[in-house]
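Quick notes on the structure that follows.
The values are calculated or read from the model by the stated rules, or taken from the named source; none is laboratory data. Keep in mind that what you see is a predicted model, and the values were worked out from it rather than measured. Note: ideal-geometry Cβ built from the backbone for every residue, glycine included; neighbour counts use all protein chains shown.
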Amino acid sequence: MTVKWSEAKTGDTCLDLCCGSGDLAFRMARRIGISGKVYAIDFSPELLEVAKQRSKISYPTPSITWLEADVLQLPFDDCQFDAATMGYGLRNVTDISACLKELHRVLKTGAKGAILDFHRPENTMMRAFQQWYLDNLVVPTASQMGLKEEYAYINPSLERFPSGREQVKKAREVGFANALHYPIANGMMGVLVVTKN
């Protein structure tokens, strides 16, 4: 849904922020085809290396360029991209407004960005279920795999992450004329869709 809502099309030049191990970048590359180009950005050289290796083995495509960079200071000119995605990264940046402002700067007029992330559900039962799931399944499983720190941070990050309404407000404050937030997975996740006018 994130790639679909970015409205990337064949031949577009696209951006995937906080690309991690590459899942959205691979989907975007398939969507835009060999005539398009994806710039996949992450500040972690280790994750970029994983993405590059995955690209060679499972998703061989010359249309992805992997770049180590800070999403708060993107190494691109203004108005360069036709579409953008971000998966599970906005919650982790040090300045959400600055990140959205940079995204606004590098998108072309009329271009869309779609930002997927975890959220705290507004429904108290779903919120309790999410808390139980993270505390009793996700973190213990991650601990057994030696990855406790990588997953234990999710709960505190969710507590300080702005709601969908607050994200829409921040997006409009930095210049996006159109911003909509779509709750998914019973509100445990959501996609912020922004359009530069």
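Could you tell me how many of the residues in region 153-178 are part of a loop (DSSP other than H, G, I, E, B) and either in contact with a helix residue (DSSP H, G or I) (Cβ under 9 Å, 6 or more places away or on another chain) or touching a residue at least 40 places away in the same chain (Cβ under 8 Å) (or both)?
Counting residues in region 153-178 that are part of a loop (DSSP other than H, G, I, E, B) and either in contact with a helix residue (DSSP H, G or I) (Cβ under 9 Å, 6 or more places away or on another chain) or touching a residue at least 40 places away in the same chain (Cβ under 8 Å) (or both) gives 7.
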Check: Right, E150: of a type in the set (D, E, K, R), free of Cβ contacts under 8 Å to residues at least 60 places away in the same chain, closer than 19 Å to Y88 by Cβ and in contact with a helix residue (DSSP H, G or I) (Cβ under 9 Å, 6 or more places away or on another chain) or not?
Finding: yes
Item checked: Leading residue by the ranking (nearest to the chain's Cα centre (by Cα)) among those in region 101-111 that are assigned to a helix (DSSP H, G or I) and among the aliphatic types (A, V, I, L, M) -> L103
Notebook entry, point to check: Has region 41-56 got any residue that is in a loop (DSSP other than H, G, I, E, B), assigned by TED's automatic domain parsing to the domain that holds R172 and buried (at least 19 other Cβ atoms within 10 Å of the Cβ)?
Noted result: no
Note to self: Please pick out the residue among A98, A142, A114, A128 that is part of a helix (DSSP H, G or I) and in contact with a Phe, Trp or Tyr (Cβ under 6 Å, 6 or more places away or on another chain).
What the structure shows: A142
Next item on the list: Taking the options K108, K112, name whichever one is within 21 Å of E173 (Cα to Cα), in contact (Cβ under 8 Å) with a residue 40 or more places away in the chain and touching a helix residue (DSSP H, G or I) at 6+ places or on another chain (Cβ under 8 Å).
Entry: K112
Margin query: Among the residues of region 81-136, what is the count of those that are among the small types (G, A, S) and in contact with an Asp or Glu (Cβ under 8 Å, 6 or more places away or on another chain)?
Written below: 6
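Test A152 against the criterion of being in contact with a Phe, Trp or Tyr (Cβ under 6 Å, 6 or more places away or on another chain) and not acidic (D, E), and give yes or no.
It is false that A152 is in contact with a Phe, Trp or Tyr (Cβ under 6 Å, 6 or more places away or on another chain) and not acidic (D, E).
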Check: Which residues, counting only those in region 154-170, are surrounded by 13 or more Cβ atoms within 10 Å (Cβ to Cβ) and under 19 Å from P121 (Cβ atoms)?
Finding: I154, N155, S157, L158, F161, P162, S163, G164, Q167, V168
Check: Here are some residues: D70, D78. Which one is more than 16 Å from C19 (Cβ to Cβ) and not in a strand (DSSP E or B)?
Finding: D78
Check: Here are some residues: L100, L67, L74, L107. Which one is touching a Leu at 6+ places or on another chain (Cβ under 9 Å) and under 20 Å from R165 (Cβ atoms)?
Finding: L100
Next item on the list: Might you check whether a residue that is closer than 30 Å to T13 by Cβ and touching a residue at least 40 places away in the same chain (Cβ under 8 Å) occurs anywhere in region 119-128?
Entry: yes
